[in-house]
Each structure stands twice: as C-alpha cells, then as structure tokens.
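This report concerns only the one structure given below.
The values are calculated or read from the model by the stated rules, or taken from the named source; none is laboratory data. Just so it is clear, the structure is predicted and the values come from calculations on it, not from any experiment. Every residue, glycine as well, gets a Cβ built from its backbone with ideal geometry; the counts of neighbours run over all protein chains shown. Accessible surface is based on the protein model in full, side chains and every heavy atom, while ligands, DNA and RNA are left aside. Shrake-Rupley method; radii C 1.70, N 1.55, O 1.52, S 1.80 Å.
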Amino acid sequence: MYVRRNYRDRFFREKRRGPSVVRRFLVALIFIIALTGLGMWQQELVLATAYDFIGPEQTPTPLPGQLAQTAQTLFLEGDLEGAAEVWERVVTMSPTNVDYLYEYGMLLIDLDDGRNDYADRATEFASTMLDVNPNDPRGYALRARGLAWTGNSSLAITVAEAGIDIAPEFAPLYAALSRAHIGDSNLRDGQVNGSLAIEYGAGDVRSYWAYASSLAFSGARDEAIIEYERAVSVNPNFLPPYFELANLYLASNRDQEAIDTYNRILGVQPTNARALLRQCQAYRKVGQFNQARGLCEDSVSSDPEYVPALFQLGQIQYGDSDFVQADESFQTCLDLVPDSLECTYYLGLTQYYLARDTFNVCQTEGISDSDCESSNVCQVGWNLLEDALVMTESRSNTAGDRELITLGLSAIQDDPACSGITGQPYDFSVDEPEVTPEATPEASADT
C-alpha cells in the first residue's frame, strides 16, 4: 500500500533551533526596563501618546503641565482662588516637582489672610523643595517668606540670608528678607532689602509690594503710595497690594481714590468679603451710612464666618438703634470667637438697650415690674460687661474699652429698667454721660 505524504507539512521539515528560554527572558526584561525608563523620563509624552492611541471617545485627565499653564493664566487674570484650586491638582499629581511647589507656595502666601494655614503649608512645600534640591534658591525664598508671614521673622532672616549666599541676585529672597526685617522691627533694613528686590526683579510684582510695605510700616505714607501704585501697574490684576494701597488712601483722606480702588478689586472678585468690608468702612467714613450697611451685609453674606465683617455690621446696626439685628451680629461674632473682647461688651451693651425697650413696652401695657422681662435681659448684659471687664485686666491698650464697659455697668446699675439685677455694685467716682449708640467710638473691624 502506498502512503501519500504531504512534504510541505512542518513535521517533515528540518526543525530549526529557536532562541533559548533564557535569551527570550532577557530580551523581554530589557524591553520592559526601556519602556519604564521612557515613561519616567517623558511621562507626559507617553501619556499623551497613549491618549491618542485610545481615541477621541476617551476623556483624558489633563496633564500636570497643562494644568500648570491653566493655573498661570488664572493667576494673570487675577483669579487667585481659581489658580490655587488648579495648583492643588497639579501638586497632587507631581508632589515633588519644585517648579510647581514654588509657584503654588508663593500663591498660597498671597492668599493668606491670618485665618487660614496657607503660609504654614507653603513653608512645608519649601521643606520638600530643599529636600529635593538643597541648592535651589526658590526653596529658601519660599521658606523665608512663609516664616515671615507667620511671625517667625528671626528665622526667616536666617533662611533668606542662607539663600542669598547661594543666589546673590535672586529677587524673591530680598523681598522675603524685607518682610522679615519689618516683622523684626528693623525698618531700615526692610527698606534696603525691598529696594534690592526691585533692583534684581524689576518685573516682579511681589518685589514692589514688599518695598511698598516697608515704606508704609516706616510711616513714609506718600512714598509708600507711590510704590504701591507702581506695584499695581506692574500687574494690574494682582489684587493683594490694592488693599494696602486703598487703606493708605483712606488714611490720607483720599477717600474717593480708596473707594475706586476697592471697586477695582470687586470688579475682579465681586464676592470678596474683605473688599466688601473695606468698602463698607470707606462709605461709613464719608457718611454714606445706608450704602455702608448694605456693603457690610454683603460681606457677611459672602462669608458668614468673617468676624470683622460681623462686628462692623453689628456696630452699624447698633448705631441705627436696630438692637435686635445688632444682637444677632454680636452673638454670632461671639460664637465664632468666644474670647473677643469687643464682641463681648458690645453684646452686653446691646442687651441693655433691648432691656430698656422691653421695659418701655411693659410700662405701656401695664405689666408690673415683677412680671416684666427687662430685668432678666439686663442681667445678661450685666454679666457680659463684667466678663469683658475681667478680660481687659490681662490685655494691653484697653483704656477705651474699659471706659465703654464701665459706662454700660453704670447705666445698668442706675436704670429702673434693671432694678432686679444681682451682682457686685460698682462705685463709679466719675460722673459719666449716659451710654448711647452715638457715644460709642468706631472700632476697627478689619484684621
């Protein structure tokens, strides 16, 4: 029998010897290492290529570099809060990138208002930067600026000088050093270093800001105004210097220029609680009280926990004899800051006037003194004023506060509306005038 065979089949071919298992393993390992190295070296390029390969149906996550450009655009447009939100995403994706940490850290300090921990966080970024590269002057500049902002002026000076040893012409180091010297009450060195910051960084708005601040703290008001005006001309959308410029305008009785400056801020950030409060104070200064009250109300609406705005609004309501609303404002202020001296005694005075209103209603409606609630309300006011008086004993520069407190205690003690109160009687040796809303001085509400 004849068997027909297909000699084209691989079984009958001469078998070639393939590469060994070890060789194939080594080739695969080298390929993987090469891909990994490429991915680490050109991460954004690799991701972009991957996104192109996946196709338009996918929505890729923006790359750190793309987000950084967006953040810078927002910064230049004056949207510092929006820029900060984007930078937060950037540093989350690239937590050790010194370029990103520096830009975000400097922005956080710009946004520090004393109520947040932004400057502290920026200082932490600086520590990371110096761990990555101990010779990068930006790490020293950011750390020194953060320390100066949080009151650690002496250490800030040391850090800034160490950075100057590395980069003698890096402007942000001198700007930070200027701030630190001002905080250390060394006004002359503050001005010198502020001037050097401008010399080495003529296009850096923060350098002009630092120099202008050094002049303002030194009492050179007119010169400071000129430098602040130069600062805002360098970057018209950078808002922080506008606040200090407007404050100097008010102090110089250039009230309309101050109002225009706050309007400039509100044109960029219409709900900026701090700007609304300052505008409120400016209108109050020029006697436009209705407009001032509306602006303070807007400030509180924008930030219901902004204590300076609550206190200022309470003062306006108190001056308008709107004691019910003033009571709410001062009570909220005290809830947020329980050891606030001003909110404590203003709330006590407000309670006294509420008690008088209650007493007048009782008299009109024929309610007996024993059934009238006025004494109970007076007691609340008395207790608050006594608490405030105790607070003044452990604080400095409270002579004006003590005067108002004693006026209130004296009025409660002698008023028939408060005949049922209990407490230690006070012997006021000076015959003081009656406490009225108009007699109380205007306190500074901003920080």
### Message
Using each residue's phi in segment 236-247, evaluate 6.51 cos²θ - 1.76 cosθ + 1.60 at θ = phi - 60° and report the 3J(HN,Hα) Karplus result to the nearest Hz, with x for Gly and Pro.
### Response
x, 9, 8, 7, x, x, 4, 4, 5, 5, 5, 5
### Query
Can you list, largest first and rounded to whole Å, the semi-axes you get for segment 175-230 by taking the square root of 5 times each eigenvalue of its Cα gyration tensor?
15, 14, 7
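If R₀ is 56 angstrom, what is the calculated FRET efficiency for the pair residue 403 and residue 199, using the beta carbon separation as r and rounding to 0.05? Can you show the working numbers first?
Details: r = 49 Å, r/R0 = 0.87.
Here the calculated transfer efficiency is 0.70.
Could you sort the peptides 309-315, 337-343, 260-266 by per-residue average Cβ neighbour count (10 Å cutoff), highest mean leading? Walk me through the numbers on the way to the answer.
Numbers: 309-315: 27.7, 337-343: 17.0, 260-266: 19.9.
With the highest mean Cβ count within 10 Å placed first, the list reads 309-315, 260-266, 337-343.
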### Query
For residue 222 and residue 260 in one chain, what is 0.36 nm times their gap in residues minus the Cα-Cα distance, to one decimal in nm?
11.9 nm
## Note on the structure
With every protein chain kept in place and a 1.4 Å probe, the residues 284, 145, 89 fall, from largest accessible area down, as 89, 284, 145
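Express the relative contact order of segment 269-423 as a whole percentage, based on alpha carbon pairs under 8 Å and six or more residues apart in sequence.
Numbers: 193 pairs, mean separation 25.1, N = 155.
So the answer I get is 16 percent.
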### Virtual spin-label span in nm between residue 69 and residue 127, 7 Å along Cα→Cβ
3.5
### Task
Name the shape class, rounded, prolate or oblate, that the alpha-carbon gyration tensor gives for segment 273-362, where a ≥ b ≥ c are the square roots of its eigenvalues, rounded holds for a/c under 1.5, and otherwise prolate holds if a/b is larger than b/c and oblate otherwise.
oblate
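When the solvent-accessible surface of protein heavy atoms is calculated with a 1.4 angstrom probe, in what order do 302, 214, 94 fall, highest first? Walk me through the numbers before you get to the answer.
Values: 302 50, 214 0, 94 20 Å².
The ordering from most to least exposed comes out as 302, 94, 214.
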### Task
At 7 Å along the Cα-to-beta-carbon direction for both residue 394 and residue 166, put a label point, then send me their distance in nm to one decimal.
4.3
#### Entry: Order of exposure, largest accessible area first, which applies to 391, 93 with probe 1.4 Å
93, 391
### Message
Taking R0 as 41 Å, what FRET efficiency do you get between residue 96 and residue 419 from their Cβ-Cβ distance, rounded to the nearest 0.05?
### Response
0.05
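Once R0 is set to 22 Å, what does the formula 1/(1 + (r/R0)^6) return for the Cβ-Cβ distance between residue 373 and residue 335, expressed as a FRET efficiency to the nearest 0.05?
Details: r = 23 Å, r/R0 = 1.03.
After rounding, the FRET efficiency stands at 0.45.
When 1/r is averaged over all different Cα pairs and the result inverted, which Kirkwood radius in Å belongs to segment 153-304? Intermediate values should be presented prior to the final figure.
Working: mean 1/r = 0.0615 Å⁻¹.
Kirkwood radius, segment 153-304: 16.3 Å.
Please say if segment 218-270 is rounded, prolate or oblate, where rounded means a/c under 1.5 for a ≥ b ≥ c the square roots of the C-alpha gyration tensor eigenvalues, and otherwise the choice is prolate for a/b larger than b/c and oblate otherwise?
Working: a/c = 2.43, a/b = 1.31, b/c = 1.85.
Oblate.
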### Query
Does segment 131-207 classify as rounded, prolate or oblate by the C-alpha gyration tensor (a ≥ b ≥ c root eigenvalues; a/c under 1.5 gives rounded; else a/b over b/c gives prolate, otherwise oblate)?
oblate
### Summary
Hull surface over four for the Cα convex hull of segment 336-417, reported in nm², is 5.5
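About the Cα centre, and with charges only on the beta carbon of Lys, Arg (+1) and Asp, Glu (-1), how big is the dipole of segment 190-283? Nearest 20 debye, please. Let's see the in-between values first.
Numbers: 7 positive and 10 negative charges, 59 e Å.
So the magnitude is around 280 debye.
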